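The block underneath contains the structure these notes are about, expressed in C-alpha cells.
No value in this document is a laboratory result; all are computed from the given coordinates. The structure presented is a predicted model; accordingly, all values stated were derived computationally and were not measured. Backbone-built Cβ (ideal geometry, glycine too); neighbour counts: all protein chains shown.
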Amino acid sequence: MIAELAYRDLEPGSLARLFGAGHAAVLVRCPEVVAELWRGLLEDSAEQMPWEAPLVDIARNYHGSGDITASLGDLFYFQPGRHGYIARKMALSRDDPQGHISVRPAYFVQGSHQYTPRQAVLDQCWAIGRRLMAALAPEGAPSRDFQIVVQRLKYQDSMGDFDRLDALARNSLGRWGRAGCALDERRWQAAGMLSPRGLSDLYGLLANAPFIGRLLRGVNRVALRRDRSRDIAPGQRLIEGAHFDYRYFSALCGQRDQMLTQVFADGQWVDLPIDRATLAVFPGSMATQAYGVRHVLHRVLHVERDGQGRASNPRTDNVTLLIGSV
C-alpha cells in the first residue's frame, strides 16, 4: 500500500510507476533535505509564524479566495470535522527564462515590519517540487506548466483547544452564518447514496425536519455503518474529513505528536508516517486528470496521548510542512 524510495532514486517517472502499481503513497527518504527545509521554513527566528502572531497580523497577511485551496498568506480555518488549522501558504512560480523564482505573497507583515522569505529557501522548495513533479509524470508525458505550493500547517495539542477555536470562529458569524455552519455539519454526515453533492445539501436541510428528518437520519445511520471510510478508532477525533487534494501531488513532513494522517487504501485506513526524515507523497486530483494517476482519499485525526498539552516547542510541535504542485 505504501512504498519507499530514496531521494537519490527520485527520477523522471519513478513515482508514476509506483502509483501505477497500486501504491497509495510513497515515502521518499531524505533526512538531510527535510532538515534543511525545516531550518529554513520553521526555525528562522526572524520570521513570526501566524500561530505566534496577533490576530490583526494574520488578517493583514490573508490573501483569500472563495476556494480555500486557492487562498494564500495566513489562514485561520476551523470547521468541525472539515478543517482545523492555522497556516501560512505560499505559491512559487518561475517567471522568466533565467529561472528566477518568485513568490506570492511577496512578504508578510509583522507588526510595523515586513518579513520577506529568503530566496535560497524559495529556490530549494522549487527544486524539490520540480523533482517530485518530474517523478510523478509518466515517462514520455508532455511537460506542463505548474506552480509549487509551500504550506505550513499548525494543529493544536489538545482537543479542548480545537473546540475553543471552533467556538471562537463560529461566534464571529451572524445568526444565518451560524445556521449555515450547522447545516454544513449535518451535510458532511451524509453517507452512501445521500453523500453526493446536491443530495447531501438536501439532507443537511431536511435532517432535522419533522417526520422526513427521522426517516433520512435512519437511512443515513445504515449507510454510515456500511461505509468503511467513516470508521474512527476509539481515542481518535476527526479534524479534517476524508477528501482528495486538488493538486498534482502533496508531499508531507513534520513534527506531530497528537496528529495522524491516514490514507484510504484497499478498503481501510492506513496510517501515513509523517516525520522529519521523509517526504510522504501521494497524488491529487490534478494528477488524475493529467496522467491518469488515481488520487488518494486521506484525512487528519487528533489522537489522545499521554503527556499532551506539554509541548516542548510551541512553534514547531504538531506542525506539518507541505510541498505540492498546482
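Work out, step by step, the length gained on full extension between Q114 and N313: first 0.36 nm times the residue separation, then minus their alpha carbon distance; give nm to one decimal.
Numbers: separation 199, 0.36 × 199 = 71.64 nm, distance 2.41 nm.
Extra length from Q114 to N313 when fully extended: 69.2 nm.
Go ahead and estimate [θ] at 222 nm for the chain from helices alone: -39,500 (n - 2.57) per DSSP H run with n ≥ 4, summed, over the residue count, rounded to 500.
Theoretical 222 nm ellipticity from helices: -9500 deg cm²/dmol.
Nothing charged except the Cβ atoms of Lys and Arg (+1) and of Asp and Glu (-1): what's the magnitude of the dipole of the chain about its Cα centre? Round to the nearest 20 debye.
Working: 39 positive and 35 negative charges, 230 e Å.
Value, rounded to 20: 1100 debye.
Could you tell me how many degrees, from 0 to 90 and to the nearest 10, lie between the Cα long axis of helix 175-188 and the main elongation axis, the longest principal axis, of the Cα atoms of the chain?
90 degrees
If the label point is 7 Å along Cα→Cβ of T69, which residues in the range 225-245 have backbone nitrogen under 16 Å from it?
241-245
Let me have the relative contact order for the range 49-191, percent, based on Cα pairs under 8 Å that are six or more residues apart.
Numbers: 160 pairs, mean separation 32.4, N = 143.
Result for the range 49-191 is 23 percent.
For the range 59-198, what class follows from the C-alpha gyration tensor (a ≥ b ≥ c being the square roots of its eigenvalues): rounded when a/c is under 1.5, otherwise prolate if a/b is larger than b/c, else oblate?
Numbers: a/c = 2.55, a/b = 1.47, b/c = 1.73.
Taking the square roots of the gyration eigenvalues as a ≥ b ≥ c, the range 59-198 is oblate.
Within the range 21-35, which residues have the backbone N less than 12 Å from the label spot 7 Å out from D9 along Cα→beta-carbon, could you tell me?
27-29
Assuming a viscosity of 0.692 mPa s and a temperature of 37 °C, what translational diffusion coefficient in µm² per second does Stokes-Einstein assign to the chain, Rh being the Kirkwood radius over Cα pairs? Display every interim value, and only then the final one.
On the way: Rh = 21.0 Å.
D = 156 µm²/s.
Tell me, what is the FRET efficiency for E139 and A209 to the nearest 0.05, using R0 = 56 angstrom and their Cβ-Cβ distance as r?
On the way: r = 55 Å, r/R0 = 0.98.
For R0 = 56 Å, the calculated efficiency reads 0.55.
Calculate how steeply helix 159-171 sits against the longest principal axis of the alpha-carbon atoms of the chain, using the helix alpha-carbon long axis, and give the answer as 0 to 90 degrees to the nearest 10.
Taking the Cα atoms of the chain, the angle to 159-171 is about 80 degrees.
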